[in-house]
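One structure below.
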Amino acid sequence: MKTNVKPIHLKKNIILVVLFSLFGFLICNLVKAEHSKPNIILINIDDLGWRDVGFMGSKFYETPNLDALAAGGMIFTDAYAAASNCAPSRACLMSGQWTPRHGIYTVGSSERGKSETRKLIPVKNNTILPDSQYILTEALKDAGYTTCHAGKWHLNEDPTTQGFDVNIGGCHAGNPGSYYPPYKLVPLEAPSEDYYLTDLVMDKTIDFLKSTGENPFFLYYSPYAVHTPIHPVKSLLPKYKNKPEWKEQNNAKYATMVENLDIQIGRMIEYLESSGKLKNTFILFISDNGGVYRVTKQRPLRAGKGSYYEGGIREPMFAYWEGRIAAGKMSDEPVSNLDFYPTILEAAGIEKPENKILDGQSILPVLTQKGSLGLRPLYWHFPIYLESGNRECQDLLFRTRPGSAIRLGDWKLIQYFENNDIELYNLRDDISEKNNVAVSNPEKVDQLLKLLTEWRIEINAPIPTQLNPEYIPLSK
C-alpha cells in the first residue's frame with residue numbers, strides 16, 4: 001500500500017540545504033560587514049606650510065587636485081601639529097600622545113646651537129619611538145586592516161616593526177639626501193637615472209592599493225616631499241620662473257615640488273575613483289609642521305618650522321569621506337594631529353585600546369556636523385633648543401628656546417623657561433602674533449599659566465632647570 005510520506009533521507013537533505021543556505025547567508029553578511037569598514041588614508045606632508053596650497057589661499061603654488069579633494073569635504077583653518085618639527089610631530093601623530101609621554105622633542109640632539117648661547121641644559125631627547133607604544137597602525141592591523149607606509153618614517157629604522165605590512169622607502173632618515181637617483185638615504189632603487197623620488201613612491205603606493213583587493217586598508221602616505229633639499233622637478237620649472245610673487249611666496253624650485261606632490265596625489269585619487277574604492281575611503285590630510293622660513297612664507301602667520309609661533313605649528317588640513325562628510329564645509333575649531341588616532345578608530349568602529357592613553361579627541365562629530373569639541377586647551381612642550389633663528393622668531397639665534405605653550409579659545413600663551421618670559425596673544429585680533437598683550441591682561445595670563453602648569457604636573461613633563469656652565473650672556 002502506497003503512502004504520501006516522503007522518505008526520511010529526503011527530509012534530512014532538505015534540512016541540510018536550508019541550514020547550509022542560512023550558514024552561507026550569515027557568512028556573506030559577515031564578510032560584507034568586514035568589507036564595509038572604510039579604507040583609511042592618512043596623508044602627512046613634510047614641511048608643507050599653512051598657505052602652501054590653493055585651498056588655503058595661495059596664488060603662487062598650484063595644487064588643483066588637493067583643492068578639488070578639499071572642496072569635496074571639510075577644510076580646517078585652525079589645525080595644528082603637536083610639535084614644530086618633524087620627528088616629534090610624527091611621534092605625536094602615531095602615538096596619539098603629547099611629547100612628554102614619548103620623549104621625542106626634536107630631531108637628533110636637544111643641544112642644538114652653540115653651547116655658550118644656551119643658558120640651560122636642555123632635557124635629553126629620545127630619537128626612537130619605543131616599541132612599548134601601541135601606535136595607530138598596530139590598532140588598525142589588529143582590527144583586520146592591511147597596512148602600508150609610504151615615504152618618510154623617521155621614528156625608527158623599519159616601520160614594519162610597528163604594525164605596517166608594507167614599507168615603501170621608510171627608515172630613520174629625516175630627508176632623502178636627494179630626490180634624484182641615487183636617493184642616498186632612502187632604501188629604494190630608481191627605475192631610471194632621472195626618476196624623481198616622489199613619483200617612485202607614488203608608483204609603489206598605487207601598486208599596494210591594487211594589491212588590497214576587497215580588504216580594508218590603511219595607507220600612511222608621507223612622502224619625503226616637500227622637505228629639503230629643494231630639488232626642482234625640471235619639467236615644471238619654466239612655468240614658475242616668471243610667475244608673480246604672492247605674499248612673499250616666490251620660490252620657483254620649491255613650487256615645482258609642491259605641484260608635483262599634488263600631481264602624484266591626483267594619480268592616487270584617479271586610481272581610487274576608477275577602482276570604485278574612493279566611495280568607501282576616509283582621507284585625512286595635514287602637514288607635520290610649518291614651512292621652512294627661508295623657503296616659503298605663510299602670511300599672515302609669524303615665523304615657520306621650528307618655531308612655536310603660528311607659522312611653525314598651524315597646518316593645512318582637510319577631511320574627505322564621500323557620503324559621510326558634506327562637501328564645501330569649513331571649520332575654525334582648533335584641532336590637532338593628536339586627534340587623528342581617536343578619530344580614525346571611531347571611523348573604523350574600533351574600540352579604544354585598553355590602557356592606552358590618547359591625548360586627542362575624535363573630531364568625527366565635527367566632520368559629520370553632529371557636534372562640536374567644546375572649549376578645550378591645546379598644549380605644546382619643548383624643553384629643548386633649536387638653532388637657526390630668524391627675524392620673526394624670539395631671537396636670531398634660536399627658532400625655539402625651552403618652554404611650553406597653550407591655546408585656549410582665541411588666546412595663546414607661550415612661557416619660556418630661561419627667564420620665565422611670558423608672551424600672550426589674542427589670535428582672533430592678532431593672528432600674526434605681533435602684539436604681546438601679557439602686561440595688559442594679567443588675569444588671562446594667570447588663567448592660562450595655571451592650566452599650563454597643572455598640565456605639566458599631570459603628565460610629568462620635564463622642565464630644564466640646570467644652568468649651563470659654558471653659557472656666556474650676551475653683552476648689552
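Quickly run through segment 150-205 and pick out the residues that are without any contact (Cβ under 8 Å) to a residue 40 or more places away in the chain and aliphatic (A, V, I, L, M).
The answer is A173, L185, V186, L188, A190, L197, L200.
Scanning for something at pLDDT 95 or above, outside any loop (DSSP other than H, G, I, E, B) and hydroxyl-bearing (S, T, Y), does segment 232-243 turn up at least one residue?
yes
Listed residues S307, S275; which is touching a Ser or Thr at 6+ places or on another chain (Cβ under 8 Å) and polar (S, T, N, Q)?
None of the others qualify; the one that does is S307.
I need a count of the residues in segment 148-163 that are more than 19 Å from E354 (Cβ to Cβ) and surrounded by fewer than 24 Cβ atoms within 10 Å (Cβ to Cβ).
5
Conditions first: (1) within 20 Å of the chain's Cα centre (by Cα); (2) part of a loop (DSSP other than H, G, I, E, B); (3) closer than 22 Å to A319 by Cβ. Q369 passes all but one, so which condition is the exception?
With (1) within 20 Å of the chain's Cα centre (by Cα); (2) part of a loop (DSSP other than H, G, I, E, B); (3) closer than 22 Å to A319 by Cβ applied to Q369, the lone miss is (1).
Against the definition (among the small types (G, A, S) and under 25 Å from G403 (Cβ atoms)), how does S132 come out, yes or no?
no
How about segment 403-447: which of its residues are touching a strand residue (DSSP E or B) at 6+ places or on another chain (Cβ under 7 Å), touching a residue at least 60 places away in the same chain (Cβ under 8 Å), within 18 Å of G311 (Cα to Cα) and assigned to a loop (DSSP other than H, G, I, E, B)?
Selection gives L427, E433.
Select from segment 168-201 the residues that are over 25 Å from V107 (Cα atoms) and of a type in the set (A, V, I, L, M, F, W, C) and write down the one among them that is surrounded by the fewest Cβ atoms within 10 Å (Cβ to Cβ).
Result: A190.
With the structure loaded, tell me whether E351 is in contact (Cβ under 8 Å) with a residue 40 or more places away in the chain and in a loop (DSSP other than H, G, I, E, B) or whether it fails that test.
The answer is no for E351.
State whether one or more residues within segment 67-79 are within 22 Å of A255 (Cα to Cα), crowded, with 24+ Cβ neighbours inside 10 Å and out of contact with any His (no Cβ under 8 Å at 6 or more places or on another chain).
yes
If I go through segment 319-337 residue by residue, how many of them are closer than 21 Å to Y379 by Cα and crowded, with 24+ Cβ neighbours inside 10 Å?
Going through segment 319-337 one residue at a time, the tally reaches 3.
Would you call R407 more than 26 Å from Q133 (Cβ to Cβ), assigned by TED's automatic domain parsing to the domain that holds I422 and of a type in the set (K, R)?
The answer is no for R407.
How many residues are of a type in the set (K, R), more than 17 Å from W380 (Cα to Cα) and more than 28 Å from the chain's Cα centre (by Cα) when one looks only at segment 421-476?
Result for segment 421-476: 2.
Which of (1) in contact (Cβ under 8 Å) with a residue 60 or more places away in the chain; (2) out of contact with any Asp or Glu (no Cβ under 9 Å at 6 or more places or on another chain); (3) farther than 30 Å from E418 by Cα does V123 not meet, given it meets every other one?
So the condition that V123 fails would be (3).
Just checking, which of E333, E315 is more than 16 Å from E248 (Cβ to Cβ) and assigned to a loop (DSSP other than H, G, I, E, B)?
Just a single option satisfies the conditions, and that option is E333.
Any residue at all in segment 249-266 that is out of contact with any strand residue (DSSP E or B) (no Cβ under 7 Å at 6 or more places or on another chain), exposed (fewer than 15 other Cβ atoms within 10 Å of the Cβ) and either in the same structural domain as L93 (by TED's automatic domain parsing) or assigned to a helix (DSSP H, G or I) (or both)?
Taking every residue of segment 249-266 in turn, none turns out to be out of contact with any strand residue (DSSP E or B) (no Cβ under 7 Å at 6 or more places or on another chain), exposed (fewer than 15 other Cβ atoms within 10 Å of the Cβ) and either in the same structural domain as L93 (by TED's automatic domain parsing) or assigned to a helix (DSSP H, G or I) (or both).
Could you list all residues from segment 189-238 that are among the aromatic types (F, W, Y), touching a Gly at 6+ places or on another chain (Cβ under 7 Å) and under 16 Å from T147 (Cβ atoms)?
Y221
The values are calculated or read from the model by the stated rules, or taken from the named source; none is laboratory data. The model shown is predicted, which means the values in this text are computed figures rather than measured ones. Glycine also receives a Cβ, built like all others from the backbone with ideal geometry; neighbour counts cover every protein chain displayed.
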